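> Pasting a structure below so you can have a look.
The values are calculated or read from the model by the stated rules, or taken from the named source; none is laboratory data. As the structure is a computational prediction, the values presented were derived from the model and not from experiment. When we count neighbours, we look across all protein chains shown, and the Cβ atoms used for this are built from the backbone with ideal geometry, even at glycine. Remember, those area values only see protein heavy atoms, side chains included, never the ligands or the DNA or RNA. Shrake-Rupley method; radii C 1.70, N 1.55, O 1.52, S 1.80 Å.
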Amino acid sequence: LCSWLERMSSILNSNAVPLLQITVPKADKCELLEQGKIKDQLTIIQLQDEVLKKKDEEVEVMKQAMKQTVEKEITSYASAVTKSCATALAPRKISEAVKTVVNMDERKRNVIIYGVPEASEEKLPEKVESILQEINEKPVVKDCCRIGVKKSDAVRPIKFTLSSTDIVSQVLRKSHLLRTKDGFRKVYLSQDRTKEERAAYKLAREKKKTEKTQYKYPSDTEDEVLLLVSRKPT
């Protein structure tokens, strides 16, 4: 038995030593490979972290750029709005706007009479009242005056004021009756028009004359003046 054990031990030693000589280097090599793999994975992780960090930096840069752009646009818009409002609400602009509105309101209560001969010492309120009586109107007449520069070859119109726009409209609607009254056939009444409105009214009259149609005095509203311009002859 002892000899058999010694023999088996010799056989194992003779076979194990070469195997160990082969296995140990391979094990060491595997360990080195494993260590290299771990190192590569650590490198990859580091690179991924750096990429993420770069992306975060780029996003932050874009955010800052967008923020600056938006702030600049808002500042520009606010400046433009402030400037526009300051211009629109300037005292002079406000004063002019108020003056225009007041002037328009005053004009609506005025009436102009054309074709009334002038006299050296005339009493205009009485003249105006007598003309209005011809069309059966007796309103309260105020602020009668001739308008324009006095000329020897022209008769200046008379301007007077009534108490409301409703009375003005009523007087103008009946003004065509003057053409049926002796001594008043060349007298006619009109609204207190602006320079632009008078030009449009003159254009309407000239257009009707060139179309060779009978001219009919309108009731002195802007719509009817425009209607005269656009109406076709029948």
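> Counting only residues that are assigned to a helix (DSSP H, G or I), of a type outside the set (S, T, N, Q) and under 43 Å from the mean Cα position of the chain (by Cα), which one in segment 169-190 is farthest from residue 142 (Cα to Cα)? If you could, list the steps in order and put the result at the bottom.
Within segment 169-190, the subset assigned to a helix (DSSP H, G or I) is 169-173, 175-180.
The next check asks that each one be of a type outside the set (S, T, N, Q); those that pass are 171-173, 176-179.
This time we only want the ones that are under 43 Å from the mean Cα position of the chain (by Cα), so: 171-173.
On the way: 171: 15, 172: 17, 173: 20 Å.
If we take residues in segment 169-190 being assigned to a helix (DSSP H, G or I), of a type outside the set (S, T, N, Q) and under 43 Å from the mean Cα position of the chain (by Cα), then 173 is farthest from residue 142 (Cα to Cα).
> Collect the residues in segment 147-163 that are within 16 Å of residue 106 (Cβ to Cβ), open to solvent by less than 50 Å² (accessible area, probe 1.4 Å) and out of contact with any Pro (no Cβ under 9 Å at 6 or more places or on another chain), keeping them in residue-number order. Spell out the reasoning first.
So the first thing to find is which residues in segment 147-163 are within 16 Å of residue 106 (Cβ to Cβ), and the list is 147, 159-163.
Next, only the ones that are open to solvent by less than 50 Å² (accessible area, probe 1.4 Å) stay: 160-162.
Of everything in segment 147-163, just one residue is within 16 Å of residue 106 (Cβ to Cβ), open to solvent by less than 50 Å² (accessible area, probe 1.4 Å) and out of contact with any Pro (no Cβ under 9 Å at 6 or more places or on another chain), namely 161.
> Could you tell me whether residue 166 is modelled with pLDDT of 90 or more, among the charged types (D, E, K, R) and not in a loop (DSSP other than H, G, I, E, B)?
On the way: modelled with pLDDT of 90 or more: yes; among the charged types (D, E, K, R): yes; not in a loop (DSSP other than H, G, I, E, B): yes.
For residue 166, the condition - modelled with pLDDT of 90 or more, among the charged types (D, E, K, R) and not in a loop (DSSP other than H, G, I, E, B) - is met.
> Follow-up question, since we're still on this one. Take residue 111 and decide whether it is touching a Pro at 6+ places or on another chain (Cβ under 6 Å) and either open to solvent by 70 Å² or more (accessible area, probe 1.4 Å) or touching a residue at least 12 places away in the same chain (Cβ under 8 Å) (or both). Give the steps one after another, and end with the answer.
On the way: touching a Pro at 6+ places or on another chain (Cβ under 6 Å): no; either open to solvent by 70 Å² or more (accessible area, probe 1.4 Å) or touching a residue at least 12 places away in the same chain (Cβ under 8 Å) (or both): yes.
Judged against the criteria, residue 111 is not a match.
> Just give me the residues in segment 127-160 being over 19 Å from residue 185 (Cα atoms) and without any contact (Cβ under 8 Å) to a residue 12 or more places away in the chain, in sequence order.
Those that are over 19 Å from residue 185 (Cα atoms) and without any contact (Cβ under 8 Å) to a residue 12 or more places away in the chain: 138, 148, 149, 151, 152, 153.
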